[in-house]
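FYI, it's all coordinate maths here, none of it is from the lab. Values in this document were obtained by computation on a predicted structure and should not be read as measured data. When we count neighbours, we look across all protein chains shown, and the Cβ atoms used for this are built from the backbone with ideal geometry, even at glycine.
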Amino acid sequence: MPSPADYLYTQTHEWMKKEGDILIIGITRFAVDELSDVTFVDLPEVGRKVAAGGTFGEIESVKAISELYAPVAGEIAAVNDALKKDPSLVNQDPFSKGWLVKLKTTAEPHGFMTAAQYDQVHNIA
Amino acid sequence: MTESTVPLLKTCFYDFHIRQGAKMVDFGGWSMPLSYRGIIAEHEQTRKAGSVFDVSHMGRLHFTGPDALRFLQHICTRDLSKAVVGQSLYSLICKTDGGVLDDVIVSRFDKHWLMVCNAANRLKLLDWFKTNSAGFNYQIKDETMQTAMIAIQGPNVIALLDNLLPDPVSTLKRYHFLTQSYLIAKFTVFRSGYTGEDGVEIICGTTIAQMALNMLFKQGRDISSAPLQPAGLAARDTLRMEAAMPLYGHELHENIDPISAGLQWAVADEKPFIGSVALAEIRRRGLETVLVGLAVDGPRIARQGMTIWAGDKEVGTVTSGTSSPTLGKVIAMAFVQSVCAVPGTALEIDLRGNRVNATVVKLPFYKLAKADT
């Protein structure tokens with residue numbers, strides 16, 4: 001399944017979507033499939049400032065723990081509280097209901113991969 | 001990162017795994033299915049209905065000759081002379097100092113013995129046997145590549161196989177086996193497994209194995225409303241953890257003795273074997289550390305190597321941990337100092353810099369209600 005065309009993608013498998021001054025961030029289906037069943041998502045407090053490339057949390061699965069990286073600098077405006085109750089939302093719907101955080105930012109994301117580029121790098125058809 | 005230059009071995013079910021969309025991993029030098037549809041889904045399928053696991057990567061070693069039993073008695077901790085034809089015994093193989101080289105299942109056939117060992121230890125054991133063979137007249141044949149092995153596990157499995165196979169499985173006792181024929185194909189059904197469920201493990205020649213697997217799924221669908229599904233190594237791992245079965249490389253390794261690992265029941269005290277002197281001494285002195293179960297607070301998984309604390313004292317190390325799908329909480333196994341091993345003892349685990357509460361609990365975490373057999 002191709003990754004959504006209207007998102008941008010990092011090398012560390014985060015996706016992002018700009019809506020005004022808010023950047024919605026999640027991780028890709030490819031990354032979720034690599035992680036296997038997600039058991040816990042450690043997300044930051046609302047209001048925390050994060051640097052570009054800095055970690056904003058961790059995602060843990062039966063198999064592994066992986067850090068989550070902010071693509072641009074900003075301030076956490078919201079976190080997906082539904083993941084506290086049901087972390088498997090990330091497995092079920094990584095590109096929509098399984099979003100992770102909303103970042104308030106003035107930075108314009110650039111230098112990231114398009115869906116076509118991301119899918120090509122990871123052999124996603 | 002080191003790249004292995006040796007190509008991974010493939011079981012005869014490799015194409016099946018790929019067709020089923022399995023995520024494949026390197027396990028003990030073999031390319032094996034980690035999971036097909038999701039670890040938790042496969043785990044729950046096994047607890048509620050039944051799953052089929054490809055375990056052909058495990059070593060299958062065939063012993064014959066006049067001294068076969070005498071040699072096996074020399075290398076195994078268990079007293080195998082007590083096995084009758086048609087019976088299997090779990091055993092350890094130890095070094096002289098009592099450290100565990102592998103855990104195995106040894107089965108007594110009419111004219112030979114079969115040892116099933118861990119995939120990653122097969123070549124090491126073959127070397128070990130060669131080194132210790134002086135004075136024993138026996139032959140060993142590695143049948144791993146010519147045979148296949150599947151585990152079929154879950155509450156529906158025995159009834160389903162009774163319908164499917166020529167001879168009944170329900171009358172087989174735990175840790176007993178029976179060789180059956182279907183047309184011209186011969187296969188052996190062992191009532192054993194590594195999931196904490198009832199079920200069987202079947203060994204057959206590779207030439208009929210794929211046909212047998214397809215038949216199992218197809219006919220299983222025809223006669224059962226909850227047909228069998230394939231399950232991978234990841235679910236096998238979470239299932240065995242709930243059942244508190246040791247995994248080599250975690251609860252067992254060359255620097256752990258079987259007594260500390262809670263496997264005294266598999267160590268004979270009335271026959272000599274390699275390691276028997278050291279193990280008798282360990283028994284006499286008493287144990288410094290023992291294997292315990294831990295119920296861990298919170299959602300984060302305690303993993304192998306994490307340190308366990310009692311106040312400001314380091315008292316142990318986690319060997320395995322997972323988020324238990326059946327219990328809905330995080331469980332772990334760990335070696336801790338004997339004084340901390342009493343169920344109910346409150347300890348802490350260092351989970352990546354955060355101390356998390358853990359309580360010592362009785363093993364296993366999950367146990368099947370006693371069946372009539």
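Mean-square fluctuation check for chain A, GNM, Cα pairs under 10 Å: which of A:Val38, A:Val62, A:Val101 is largest?
Comparing A:Val38, A:Val62, A:Val101 in a Gaussian network model of chain A, the most mobile one is A:Val62.
As a test of the definition: which semi-axes, in Å, follow for segment B:59-142 when you take the square root of five times each eigenvalue of its alpha carbon gyration tensor? Largest first, please. The partial results should precede the final answer.
Values: eigenvalues 61, 41, 32 Å².
Equivalent ellipsoid of segment B:59-142: 17, 14, 13 Å, largest first.
So what are the three principal axis dimensions of the protein assembly as shown from its Cα atoms, in whole Å, longest to shortest?
For the protein assembly as shown, the Cα spread along each principal axis is 82, 58, 47 Å.
Around B:Val315, which amide H atoms from residues at least 5 apart in sequence, or from another chain, sit under 5 Å from its own amide H, with H modelled in the peptide plane?
Hits under the 5 Å cutoff: B:Ile308, B:Trp309, B:Ala310.
Once the cut-off is 40 Å, how many percent of the Cα-Cα pairs in chain B end up in the long-distance tail? Walk me through the intermediate numbers first.
On the way: 9559 of 69378 pairs.
In whole percent, the share of Cα-Cα pairs in chain B beyond 40 Å is 14.
Please report the antiparallel percentage of DSSP beta bridges with both residues in the protein assembly as shown, rounded to the nearest 5.
On the way: 109 of 114 bridges.
Beta bridges within the protein assembly as shown, antiparallel portion: roughly 95 percent.
For a footprinting-style exposure proxy, rank B:Cys12, B:Cys94 by other Cβ within 10 Å, fewest first.
Values: B:Cys12 20, B:Cys94 24.
Ordered from fewest to most neighbouring Cβ atoms within 10 Å, B:Cys12, B:Cys94 come out as B:Cys12, B:Cys94.
Hey, got the average number of other protein chain Cβ atoms within 10 angstrom for residues in A:61-71? Mind dumping the intermediate values first?
Working: counts 4, 13, 8, 2, 5, 0, 0, 0, 0, 0, 0.
Partner-chain Cβ atoms within 10 Å, mean over residues of A:61-71: 3.
Which percentage, to the nearest 5, of the DSSP beta bridges contained in chain B is antiparallel?
Values: 81 of 86 bridges.
Percent antiparallel among DSSP bridges in chain B is about 95.
Taking a threshold of 32 Å on the Cα-Cα distance, which of the pairs A:Lys63/B:Lys10; B:Lys141/B:Lys271; A:Lys63/B:Lys111; B:Lys23/B:Lys95 fall above it? Intermediate results must be reported in sequence, preceding the final value.
Values: A:Lys63/B:Lys10 22 Å; B:Lys141/B:Lys271 26 Å; A:Lys63/B:Lys111 43 Å; B:Lys23/B:Lys95 36 Å.
From the list (A:Lys63/B:Lys10; B:Lys141/B:Lys271; A:Lys63/B:Lys111; B:Lys23/B:Lys95), the Cα-Cα distance tops 32 Å for A:Lys63/B:Lys111; B:Lys23/B:Lys95.
May I ask for the longest run of chain B untouched by trypsin sites (Lys or Arg not before Pro) that are loop-located per DSSP and have at most 15 neighbouring C-beta atoms (other than their own) within 10 Å?
Answer - B:175-351.
Considering amide H positions built from the backbone, and no H for Pro or chain starts, which residues 5 or more places from B:Gln304, or on another chain, come under 5 Å of its amide H?
B:Gly321
Show me, for segment B:24-32, the HN-Hα J-couplings you get by feeding each phi into the Karplus relation (A = 6.51, B = -1.76, C = 1.60, θ = phi - 60°), rounded to Hz, glycine and proline as x.
Running phi through 6.51 cos²θ - 1.76 cosθ + 1.60 with θ = phi - 60° gives 9, 9, 7, 9, x, x, 10, 8, 10 Hz.
Through the Karplus equation 6.51 cos²θ - 1.76 cosθ + 1.60, θ set to phi - 60°, convert the phi angles of segment A:69-81 into ³J(HN,Hα) values in whole Hz; use x for Gly and Pro.
Per residue, the Karplus-derived 3J(HN,Hα) values read 10, 7, x, 9, 6, x, 10, 5, 9, 6, 10, 7, 5 Hz.
Along the charge dipole of the protein assembly as shown, which of B:Met115, A:Ala31, B:Thr195 sits closest to the positive end, that is, farthest toward it, with unit charges on the beta carbon of Lys, Arg, Asp and Glu (+1, +1, -1, -1)?
B:Met115
Need one value for B:205-214: mean number of C-beta atoms belonging to other chains within 10 Å of its residues' C-beta atoms. Before the final figure, lay out each step's value.
Working: counts 0, 0, 0, 0, 0, 0, 0, 0, 0, 0.
What the average comes to for B:205-214 is 0.
Write down, largest first, the equivalent ellipsoid semi-axes of segment A:8-118 in whole Å, where each equals the square root of 5 times an eigenvalue of the alpha-carbon gyration tensor. Please list the in-between numbers first.
Values: eigenvalues 83, 52, 28 Å².
Semi-axes from the Cα gyration tensor: 20, 16, 12 Å.
So what is the orientation-averaged projected area of segment B:288-363, using the convex hull of its C-alpha atoms, in nm²?
Values: hull surface 17.6 nm².
If I average the Cα hull's projected area over directions, I get 4.4 nm².
Would you give the gap between the C-alpha center of segment B:8-52 and the C-alpha center of segment B:135-199, rounded to a whole Å?
19 Å
How crowded by other chains is A:40-47, given as the mean number of beta carbons from other chains within 10 Å of each beta carbon? Don't skip to the answer; put the middle values down first.
On the way: counts 6, 1, 3, 0, 0, 0, 0, 0.
Whole-number average of other-chain Cβ neighbours for A:40-47 is 1.
Could you work out the helix-only [θ] at 222 nm for chain B, with each DSSP H run of four or more residues adding -39,500 (n - 2.57) and the total divided by the number of residues, to the nearest 500 deg cm²/dmol?
Details: 8 runs with 80 residues, N = 373.
Only helices count here, giving -6500 deg cm²/dmol.
How large is Rg over Rh for segment B:1-105, taking Rg from the Cα atoms and Rh as the Kirkwood inverse mean of 1/r across Cα pairs? Write out the running numbers ahead of the final one.
Working: Rg = 18.3 Å, Rh = 17.1 Å.
Looking at segment B:1-105, the ratio lands at 1.06.
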